[in-house]
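K.L.:
Below: one structure in structure tokens.
Read-outs throughout are calculated quantities, based only on the coordinates presented, and are distinct from any laboratory measurement. Since this is a predicted model, take the numbers as computed values, not measurements. All Cβ positions, glycine included, derive from the backbone under ideal geometry; neighbour counts span all protein chains shown.
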Amino acid sequence: MSPRVLLLSLLVLGSASGAVRAQDLLIPMDESQEDHLKAYGVAYWVLERGIVVDWLLNHRGGSFLVPAEPEVERELRVRGVSFEPLSADRSARILADIAREDSNMDTVRLEKPPRIAVYAPDQTLPWDDAVLLALTYAEVPHEMIYDDEILDGRLDDYDWLHLHHEDFTGQYGKFFNYRSTAWYVEQQRDAEETARRRGYRKVSELKSAVVETIRSYVGSGGFLFAMCSGTDTFDIAQAARGVDIVPAEYDGDPVDPDAMQRLDFERTFAFRGFSPIFNAREYEHSDIDMGPPPPQLRSPALDYFTLFEFSAKWDPVPTMLTQNHVSTVKGFVGQTTNFRKALVKEDVVMLAEAPGRGEVRYLHGTYGEGTFTFYGGHDPEDYQHFVGDPPTDLSLHKHSPGYRLILNNVLFPAAKKKKQKT
Amino acid sequence: MDSTLASRHLLAESYLRAAQYDRAIALFEDLLARSPGNSFVADRLREAYEAVKRYDDAIALLDARLAGPESRTVLLAERARLTWLKGDEAGAHADWDRALAAEPGQPGAFLAVYRSLLQVRLFDRAIEVLESGRTSLGNPELFRTDLAQLYGLAGRYGDAMAEYLSLLDQGDHQLAFVRNRLQTLLEQPEAIDAAISAAERSVRAKPLGRANRELLAWLYLEADRFGDALDAFRALDRLERQEGVMLQAFALQAMDSGAFGAALDAFGEVIQRYPDAPSAADSRYGLGTLYERRASGRTDSTRSSDFVLAVEAYSAFAGLHPGHPSIADALYRAARIRLDELGQLDAAESMLAHVAQRFPGTPAADASAFDLGRLDLARGRLAAARVHFTRLADRLRSGELAEAARLELAQLHFYRGEFDAAKAIAESMKENTAADVSNDAIALKVLLVEARGPDSLDSALRGYARALLLERQRKAPEALSTLDSLLAALPEHALADDVTYRRAALLDQVGRPADAVAALLEFPLVYPKSPLADRALDRAADLQADRLGDAQGAVETLSRLLSEYPGSLLAAEARNRLRRLRGDAL
């Protein structure tokens, strides 16, 4: 059994778990927290030192409980993360309260910091990556890998893999209007060179091989988190394995005439029955994405999505992924923004939706022994992030609920799997 | 073509445009069967076959036409492309070879094959074809822009640059086109070094080529290689007999980019080589600006020597070019440096008076009048200072300098113990919290409201005002002594925390930084509720790190600040400072 599988055994804590610590530090994650995003980084930092962290699901916005070690206290201060010292008695009362059957709270023990990989090219592209921004701001260590590392089997070195604004269909993001810019030319040349070096005639075939490797990584217990076009293009590429769905403008030859009939939706993680878009000039990959909200709602002031509430004791994983200090999160647009609800597979858990629009913003599911989480949109604090825009300064968005959802995913693989209640 | 056939043709075209390929194919096949020699229909049918990946059928159409009168090269190049798409790479290359052999000696043949290769993005082979075309046709000028573009696409930046440089041989008018094409290429980091190497070779080969040199100079600037850019601009300046104009323009650009060394050399060279040219005057003024800017960015002992050099440069400029439009500004700048940085009060006073009298109505004259007031204040001539500030405030009425003059007037009243007058002026000032002057006025108002009494003469506040005046007059020991006396006399006064905080600053000024740190570290213990408590710890950490070289002590002090005053406005910067001091990678 892989280490990731071992890590996924959530442990029942609370009154039944035995002795309670003499004194703890509570890192509240409700409105009182000074820096929600850095709090995740401190939790990771504590785990790195071999100290366990208890994630108090639904308690004050998903607080963390850590031992009151002087070095932990000092680091919390240095990073500007609010905390409250708790006496042993107070700690015990909080844990007992959480353990009550009639409370929708639970305690998840985090034991080991997950090894994190971010799938991104060496090349600097003219847009930011929300996960990289979140990891960097929260000071969560991570490594960058790309096609070569994945095909060389390096994924086994990591517990968590993030995909962002990637196009796994081999259409270079469908940035047709940018095809003469230096970054596009370089991106295309690098991808073609890698494909040739790896023995593929086309970039779409290279990306398909990468997708297959990631698929088997998830199947054997890996955690996959994807945002923006890294979500739908991953599933499109899975369905289109062995089928040419790339227009001639991107790979020199037309799509297969029977491409639609040959798509295999059994292979996908989250979506089924979708139709790829074969128009090279249309900045959209398929009908999975419902695109930006209608014009009357296309405003940071009006566009929002709501997080579903789950039973912390019965559904700890969705509960972990939706921990937040708010239940309504402001929307943000990406190349892939919202997933069409009608195309989401039945066994996929919807975590957040844009109400009344038949759109899913955030979803989660399992494949084999691993899990995947898809989160639509590009940058939670930049409503419409255009090519060439500067990256978001997260020190100005320390309480960002949208970014919290990303960081929930980062800590989620650190949880020990709990025996399901019977 | 009869009307039935024409309408069938139109229908087939519409099916093709609508991507209904099967229907289009059926119609085009029928049309071609009726008129087998119609190459237009054959092309359309081939297009439809390709759209549904029926490559063999498309190739068969071409094969049927190869025996006819059409250009074999074009047909074979197209056949090669389709063969490539079919997956038969060896067969495709063989067809491209056949295409080249079909019409030897024709540049069009090489272009047809190159375009076919470009369509399937075989850049290396396309380059080979055009290069071999040049060789076999014996004309190295052929395919210049095509090859340059291909080299760029293939990442062969040096070769691309060589092609663009060769374009310059056709005339300097090509420079704008070349720069435009290179702009995109240079966005790729590897490209600029390759481009520079090629441009350097070109300049060595053709030392008198203006366009080549200008391109090289531009490339150096793009790469922030200011030393090399200086050499390039020097050569251009001489080549064009510009008498320092290009060098001086370069110097300003380098200075704005912070490349002071290269700017200094450029200014110096203009002054030395063309002492009587207009560019020399601008360079002398530029030299003063350069030294002043460089000094402002320094904190070590070279700071004051740079300010001395700035004064010398401005003075030399004023002496040599009395009619220059920047003369008032240069003299004012020199005077202000003497006043604020070098402590040369007499010389400063004389120069400021000169500017104020000689150039009335200019911004430099107004600023000089203001500084004359400050200088009078520093020398204890409060009445004279008041005259300067009053005149200036009345004359200018609004604007930053007018507000600064009003603040000085308020402070003058404060120093003289005329607290009501000081408060009235401070209250009349516009509240603009983004401006330092407004913030200082607000601080003065708060002090005047909170620190009066307990006696009717406001003795404590008078003593404190006296100490602040002494400090402005650069009499730190006397100011310190005044504050010591004040603290001993009224230790419980509302001003005690201000006095203690100011006292620590004076201790540092008189060369007792360790005592200053001790006083600041003690401050929060004595005045835990003071609004200055967090600032005292922050200042203590500064002194520990910067003056005493005690980084560990500074870390502990900053930790204390974060622990005791977590809500402080200084907390964010304290965190960053602490992390830098402990070596965190931020």
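K.L.:
Report, as a whole number in µm² per second, the diffusion coefficient that Stokes-Einstein gives for the range B:142-250 at 20 °C and 1.002 mPa s using the Kirkwood radius over alpha carbon pairs. Intermediate values should be presented prior to the final figure.
P.N.:
Details: Rh = 13.9 Å.
Taking Rh from Cα pairs, D becomes 155 µm²/s.
K.L.:
Now a separate question. Report the full-extension gain for the segment A:Phe386 to A:Thr213: residue separation times 0.36 nm, less the Cα-Cα distance, to one decimal in nm. Intermediate values should be presented prior to the final figure.
P.N.:
Details: separation 173, 0.36 × 173 = 62.28 nm, distance 3.08 nm.
Difference between extended and current length: 59.2 nm.
K.L.:
One quarter of the convex hull surface, Cα atoms only: what value does that give for the protein assembly as shown in nm²? All intermediate terms of the calculation are to be shown ahead of the outcome.
P.N.:
Details: hull surface 216.3 nm².
Its Cα hull, projected and averaged over all orientations, spans 54.1 nm².
K.L.:
Now, a different point. Rounded, prolate or oblate: pick one for the range B:268-352, where a ≥ b ≥ c are the square roots of the eigenvalues of its C-alpha gyration tensor, a/c under 1.5 means rounded, and failing that, prolate if a/b is larger than b/c, else oblate. Each step should come with its number before you reach the end.
P.N.:
Details: a/c = 2.61, a/b = 1.37, b/c = 1.90.
Taking the square roots of the gyration eigenvalues as a ≥ b ≥ c, the range B:268-352 is oblate.
K.L.:
I would also like to ask the following. Could you tell me the calculated FRET efficiency between B:Ala518 and A:Ala88, based on Cβ-Cβ distance and R0 = 30 angstrom, to the nearest 0.05? Could you put the intermediate results ahead of the total?
P.N.:
Numbers: r = 39 Å, r/R0 = 1.30.
FRET efficiency, B:Ala518 to A:Ala88: 0.15.
K.L.:
Next question. Which of rounded, prolate, oblate describes the range A:221-376, given a ≥ b ≥ c as roots of the alpha-carbon gyration tensor eigenvalues and a/c under 1.5 marking rounded, otherwise prolate only if a/b is larger than b/c?
P.N.:
Working: a/c = 2.54, a/b = 1.41, b/c = 1.80.
Oblate is the answer for the range A:221-376, as a/c is 1.5 or above yet b/c matches or exceeds a/b.
K.L.:
In the structure displayed, which of A:Lys313/A:Lys345; A:Lys202/A:Lys330; A:Lys207/B:Lys53; A:Lys207/B:Lys86; A:Lys345/B:Lys86 lie more than 30 Å apart, Cα to Cα? The partial results should precede the final answer.
P.N.:
Working: A:Lys313/A:Lys345 24 Å; A:Lys202/A:Lys330 39 Å; A:Lys207/B:Lys53 22 Å; A:Lys207/B:Lys86 21 Å; A:Lys345/B:Lys86 36 Å.
A:Lys202/A:Lys330; A:Lys345/B:Lys86, as the Cα separations exceed 30 Å there.
K.L.:
Something else: Express the C-alpha Rg of the range A:264-344 as a ratio against the empirical globular expectation 2.2 N^0.38 Å, rounded to two decimals.
P.N.:
On the way: Rg = 15.7 Å, N = 81, 2.2 N^0.38 = 11.7 Å.
For the range A:264-344, the normalised Cα radius of gyration is 1.34.
K.L.:
Assuming R0 = 51 Å, what is the FRET efficiency of A:Arg179 and B:Gln344, from their Cβ-Cβ distance, to the nearest 0.05?
P.N.:
Working: r = 63 Å, r/R0 = 1.24.
Plugging the Cβ-Cβ distance into 1/(1 + (r/R0)^6) gives 0.20.
K.L.:
Let me ask something additional. Once you place label points 7 Å from the Cα toward the Cβ at B:Gln473 and A:Ser275, how far apart are they in nm?
P.N.:
8.9
K.L.:
Please list, ordered by chain and number, the residues whose modelled amide H lies under 5 Å from the amide H of A:Asp244; skip anything fewer than 5 residues away on the same chain.
P.N.:
The list, which skips near neighbours in sequence, is A:Asp256.
K.L.:
Hey, how much of the P(r) for the range B:140-191 falls beyond 14 Å, as a percent of Cα pairs?
P.N.:
Numbers: 608 of 1326 pairs.
That tail contains 46 percent of the Cα-Cα pairs.
K.L.:
Treating the angle as unsigned and between 0 and 90°, give the value, to the nearest 10°, between the Cα long axis of helix B:144-153 and the longest Cα principal axis of chain B.
P.N.:
For helix B:144-153, the angle is close to 70 degrees.
K.L.:
Now for a separate question. Please turn the phi angles of the range A:275-285 into ³J(HN,Hα) values with the Karplus equation 6.51 cos²θ - 1.76 cosθ + 1.60 (θ = phi - 60°), one per residue in order, whole Hz, x for glycine and proline.
P.N.:
Couplings: 10, x, 9, 8, 7, 4, 8, 8, 7, 7, 8 Hz.
K.L.:
Let me ask you something else. Show the residues, 5+ positions off or on another chain, whose built amide H is closer than 5 Å to the amide H of A:Ala352.
P.N.:
Result for A:Ala352 returns A:Phe308, A:Arg361, A:Tyr362.
K.L.:
Using the alpha-carbon centroid of each, what span in Å lies between the range B:1-56 and the range A:375-402?
P.N.:
Answer, in whole Å: 51.
K.L.:
Another one. Defining a contact as two alpha carbons under 8 Å apart and six or more residues distant in sequence, what relative contact order in percent does chain B show? Walk me through the numbers on the way to the answer.
P.N.:
Details: 709 pairs, mean separation 20.7, N = 586.
Relative CO of chain B lands at 4 percent.
K.L.:
Over the range A:48-149, what is the relative contact order in percent, taking alpha-carbon pairs closer than 8 angstrom and at least six residues apart? Please list the in-between numbers first.
P.N.:
Working: 89 pairs, mean separation 30.1, N = 102.
Rounded, it is 30 percent for the range A:48-149.
K.L.:
How high is the relative contact order of chain A, in percent, counting Cα pairs under 8 Å that sit 6 or more residues apart?
P.N.:
Details: 897 pairs, mean separation 90.5, N = 422.
Dividing the mean separation by the residue count of chain A yields 21 percent.
K.L.:
Please list 3J(HN,Hα) in residue order for the range B:78-95, calculated via the Karplus relation 6.51 cos²θ - 1.76 cosθ + 1.60 where θ = phi - 60°; whole Hz, with x for glycine and proline.
P.N.:
Coupling constants for the range B:78-95: 5, 4, 4, 4, 5, 5, 4, 4, 5, x, 8, 5, 4, x, 5, 4, 5, 5 Hz.
K.L.:
To continue, here is another question. Under the rule of at least 5 residues apart or a separate chain, name every residue whose amide H is placed under 5 Å from the amide H of A:Ser286.
P.N.:
A:Ile277
K.L.:
What does the convex hull of the Cα atoms come to per residue for the range B:177-235, in Å³?
P.N.:
On the way: hull volume 4.0 nm³, N = 59.
Here the figure is 68 Å³ per residue.
K.L.:
Roughly how tilted is helix B:551-564, in degrees to the nearest 10 and between 0 and 90, from the longest Cα axis of chain B?
P.N.:
Taking the Cα atoms of chain B, the angle to B:551-564 is about 80 degrees.
K.L.:
Report, please, the projected area of chain B averaged over directions, based on the convex hull of its C-alpha atoms, in nm².
P.N.:
Working: hull surface 169.7 nm².
About 42.4 nm², averaged over all directions.
K.L.:
Each residue of the range A:34-42 in turn: what ³J(HN,Hα) in whole Hz from Karplus with 6.51, -1.76, 1.60 and θ = phi - 60°, glycine and Pro shown as x?
P.N.:
6, 8, 4, 6, 5, 4, 5, x, 5
K.L.:
If you don't mind, there's one more thing I want to ask. Please give me, ordered by residue number, the GluC sites (Glu not before Pro) of the range B:49-144 that lie in loop per DSSP and have at most 14 other Cβ atoms within 10 Å. The partial results should precede the final answer.
P.N.:
Working: sites: B:Glu50, B:Glu70, B:Glu78, B:Glu89, B:Glu128, B:Glu131, B:Glu141; in loops: B:Glu70, B:Glu141.
When the GluC sites (Glu not before Pro) of the range B:49-144 are filtered for loop state and at most 14 Cβ neighbours within 10 Å, B:Glu70, B:Glu141 remain.
K.L.:
Taking the Cα atoms of the range A:302-422 alone, what are Rg (to one decimal) and Dmax (as a whole number) in Å?
P.N.:
15.0, 53
K.L.:
Turning to a different aspect of this structure: Mind computing the radius of gyration and Dmax over the alpha-carbon atoms of the range A:116-414? Å is fine for both.
P.N.:
18.0, 54
K.L.:
With a Förster radius of 51 Å, plug the Cβ-Cβ distance of B:Asp300 and B:Ala176 into 1/(1 + (r/R0)^6) and report the FRET value to the nearest 0.05.
P.N.:
Details: r = 45 Å, r/R0 = 0.89.
After rounding, the FRET efficiency stands at 0.70.
K.L.:
Only helical DSSP H runs with n ≥ 4 go in: add -39500 (n - 2.57) per run for the protein assembly as shown, normalise by residue count and round the 222 nm mean residue ellipticity to 500 deg cm²/dmol.
P.N.:
Numbers: 45 runs with 569 residues, N = 1008.
The helix contribution divided over the protein assembly as shown gives -18000 deg cm²/dmol.
K.L.:
Treat each spin label as a single point 7 Å out from the Cα along the C-beta direction, and report the A:Leu302 to B:Ala33 distance in nm.
P.N.:
5.9
K.L.:
Can you compute the modelled spin-label distance between A:Asp393 and B:Val446, with each label point 7 Å from Cα toward Cβ, in nm?
P.N.:
2.4
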